[in-house]
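J.: Let me begin by handing over the structure; questions about it come next.
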Amino acid sequence: MQADVSEILNELNQAQRQAVSSPSGPVLVLAGAGSGKTRVLVHRIAWLIQVEGVSPYSILAVTFTNKAAAEMRGRIEQLLDMPATGLWVGTFHGLAHRLLRQHWQEARLPQNFQIIDTQDQLGVIKRVHKALDLEDSRWPPKQSMYFVNGKKDEGIRPQNMQDTGDPITRQMIRIYTAYQSACERGGLVDFGELLLRSLETLRDNETLLKHYRDRFSNILVDEFQDTNTLQYSWLRLLAGNTSPIFAVGDDDQSIYGWRGAKVEHLQRFDKDFKNTQMVRLEQNYRSTSTILNAANAVIANNAERMGKNLWTDGNDGEQIQLYTAYNEQEEARYVAERIRQYAESGGMRSDVAVLYRSNAQSRVFEEVFIGMRIPYKVYGGLRFFERAEIKDALAYMRLGSNQHDDASFERVVNRPTRGIGARTVDQIRAEAREHELSMFAAAQRLLEHKILTARAAGAVRNFIELVNDIAAASADLPIHELVDHINVVSGLLDFHGKENNEKSQSRIDNLNELVSAARGFEYNEEEHGEMSLLDAFLAHAALESGEGQGESWEDCVQMMSMHAAKGLEFPLVFITGMEDGLFPHQMSIEEPGRLEEERRLCYVGITRARENLVLTLTERRRLHGSDRYNMPSQFIGEIPKELLHEIRPSVPSYKKQSSSSYTSSSGKNLVDDESSEYKLGDRVFHQKFGEGTVTNYEGSGSHARIEINFKHAGSKWLVVAYAKLERA
DNA sequence: GCGACATTGTTTTTT
DNA sequence: ACAATGTCGC
């Protein structure tokens, strides 16, 4: 097995080699953007197998997305030139799921437990609220869901929670408890539960834990900066004191703090694991030095960094271009025009990315692109398996697998409408609660005791027969025929067929696409174990939200949020909406920690570009119905001037200041009527709020309002006519 | 059960 | 502004 050492280490630089060939023990690879982090992971695995003679069975590689997992597996097989059997490569959730399926008894789950996504989960929570008789206005279901998920992410069960006497916490504990028993009853497992339940199962089963600890003597983790508390505990439990973790990550690319990711796991890795070998990958193979220097300069403004400086031996490349548009339409037209030129001079549109802070910003671009006949693809938004019509069909399939899945029952009991209205459903629900039955069982009981009106009874009987029919069919038919059967007998196809418009047509297309997806679904003995084909497909639908389902392969401009762009690269990148309030987002400006995360997002955005980077912003932007006059993003001011080329340097300058506010050097008046005496960047003084800076303006005449960012009182909108402002 | 009207929220997203 | 959800009356 010693033979291919050179092949594995060839094509690697010094730092990469050091990481790949590290002696056994904890390793932390700090991998800057574009420094070949996936490559290091893949080569490390090859090294373990071919040089260290480690069995693939004892290797566990964890990623965050299915895409990353698939790519890693593919590249490993390519490098090893053979199928990577026995090797566990997958997402945290996928691997936890696999554990739970294999040990459903130890985990105290029903064998055919179903995974619910966020939408389903919210539905369950809403029903719990109803059962507890809580007003949605006083107890927003979403808030309860965040609470439950937050607790699960910290590994906390309702019974471990202190009743401090605080009525809100007390209520939340009640909700969490009721939600959990609702899930137990229906055999439902949410995303957080996958992780928490598998963690508990391992923790509480000494033999099981020992088995997996012995088996996985090598654990590799990608994007380590994105792990949350639960994922981290999961890793540590599995690693124990004997299986070293090989972690790869970049603290500068930690952009998921808002959903519970803790960079601290990366930052204190060497304290948590003794004798950690730390390797920094700082040579970038992606971008021009101009782009890299800009990224480095921006990220240098963050205080809490582990320190790292990207360099390249590539050429300078062109300056970063900065374009200030009048408004968002003009911004989009400029970008479109640039893309048109790029394509005309032989560039591929798919080499171009249009990035933005929030998805809503894509709309204007889409409109302009359509007008100019520029093909584009928007990433993010609803994915295939999340579409309403698909979820309906899946709910029928789930009922076929488990009649007691109340979430699915409620979803489709009257979809399409079949005469089982809210009153009847209420009755079923009450019956279920009273006798501690599932909705399905309760419906049957109502029929037996002839409690329903004749009309409702008929409709309910039909529905029960429908579900029984599907259950029978799911035992007999191959899965794609089952989907086809469901589409017909449930009436979903007919229902959407009746309405004849574009939307209903696309729903029908999607339902048919689901048949194809089922046909193409491959049952993997190794991964799915004893699961029925149906359950395996349903799990697949829940865990892989279906990115890329029914995708057309045209040469398209790639449009996405900067978050979605992490891990990707493009020769030409536009970062749009570079305005304070938009990016950094308003919600993140006040809190220093959140601002640093925005800055890391900016770093991620910049480092997506290989050759050319264009930043755009607007002077005036319509947002939530009103016009905003935003200042240029403070991040622009953090890029060294010599790297920037202003294409239309008419308006503000980007002088950097010590405070977070920027002044407009051009002194352009924001309104043309005489009543306005304030302009952006003016320092003002208010009787109550003290000193501040004008950051936005809206309306005119006596209705004119200005937004002032006060030094101590925060940001406020004031009516100029009443505010009694003085110049500071 | 459905259409008309009102209310609400509007950063980022994977699983 | 606008879309998505919830409420109400027939």
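J.: Can you name the residue in region A:578-630 that is among the small types (Gly, Ala, Ser) and part of a helix (DSSP H, G or I) and is also nearest to DNA strand C (Cβ to nearest atom) among such residues?
T.: Selected residue: A:Ser588.
J.: Can you tell me which residues in region A:438-456 are in contact with a Gly (Cβ under 9 Å, 6 or more places away or on another chain) and hydroxyl-bearing (Ser, Thr, Tyr)?
T.: A:Ser438 - this is the single residue of region A:438-456 that is in contact with a Gly (Cβ under 9 Å, 6 or more places away or on another chain) and hydroxyl-bearing (Ser, Thr, Tyr).
J.: When the residues of region A:603-627 are filtered to those that are surrounded by fewer than 20 Cβ atoms within 10 Å (Cβ to Cβ) and not acidic (Asp, Glu), which remaining residue is farthest from DNA strand B (Cβ to nearest atom)?
T.: Checking each candidate, the answer is A:Arg620.
J.: Inside region A:349-376, can you point out the residues that are of a type in the set (D, E, K, R) and touching an Asp or Glu at 6+ places or on another chain (Cβ under 8 Å)?
T.: A:Arg349 - this is the single residue of region A:349-376 that is of a type in the set (D, E, K, R) and touching an Asp or Glu at 6+ places or on another chain (Cβ under 8 Å).
J.: Output the residues belonging to region A:248-306 that are surrounded by fewer than 20 Cβ atoms within 10 Å (Cβ to Cβ), farther than 17 Å from A:Leu30 by Cβ and hydrophobic (A, V, I, L, M, F, W, C).
T.: Correct list: A:Trp258, A:Ala297, A:Ala303.
J.: Residues in region A:430-445: is at least one surrounded by fewer than 21 Cβ atoms within 10 Å (Cβ to Cβ), within 16 Å of DNA strand C (Cβ to nearest atom) and at pLDDT below 90?
T.: no
J.: Restricting the search to region A:188-211, which residues are outside any helix (DSSP H, G or I) and either within 14 Å of DNA strand B (Cβ to nearest atom) or surrounded by 20 or more Cβ atoms within 10 Å (Cβ to Cβ) (or both)?
T.: A:Leu188, A:Val189, A:Asp190
J.: A follow-up question, please. From the list A:Gln159, A:Gln171, A:Gln180, exactly one residue is surrounded by fewer than 16 Cβ atoms within 10 Å (Cβ to Cβ) and either within 16 Å of DNA strand B (Cβ to nearest atom) or not assigned by TED's automatic domain parsing to the domain that holds A:Asn402 (or both). Which is it?
T.: Being surrounded by fewer than 16 Cβ atoms within 10 Å (Cβ to Cβ) and either within 16 Å of DNA strand B (Cβ to nearest atom) or not assigned by TED's automatic domain parsing to the domain that holds A:Asn402 (or both) holds for just one of A:Gln159, A:Gln171, A:Gln180, which is A:Gln159.
J.: Given the conditions (1) in contact (Cβ under 8 Å) with a residue 60 or more places away in the chain; (2) crowded, with 21+ Cβ neighbours inside 10 Å; (3) among the hydrophobic types (A, V, I, L, M, F, W, C), and given that A:Val460 satisfies all but one, which numbered condition is not satisfied?
T.: Exception for A:Val460: condition (1).
J.: Can you list the helices (runs of 4 or more DSSP H) found entirely within region A:59-155 that contain at least 3 residues being assigned by TED's automatic domain parsing to the domain that holds A:Arg203, out of contact with any strand residue (DSSP E or B) (no Cβ under 7 Å at 6 or more places or on another chain) and of a type in the set (A, V, I, L, M)?
T.: A:66-80, A:92-102
The values are calculated or read from the model by the stated rules, or taken from the named source; none is laboratory data. This structure is a prediction, so every number in the text was calculated from the model and none was measured. Note: ideal-geometry Cβ built from the backbone for every residue, glycine included; neighbour counts use all protein chains shown.
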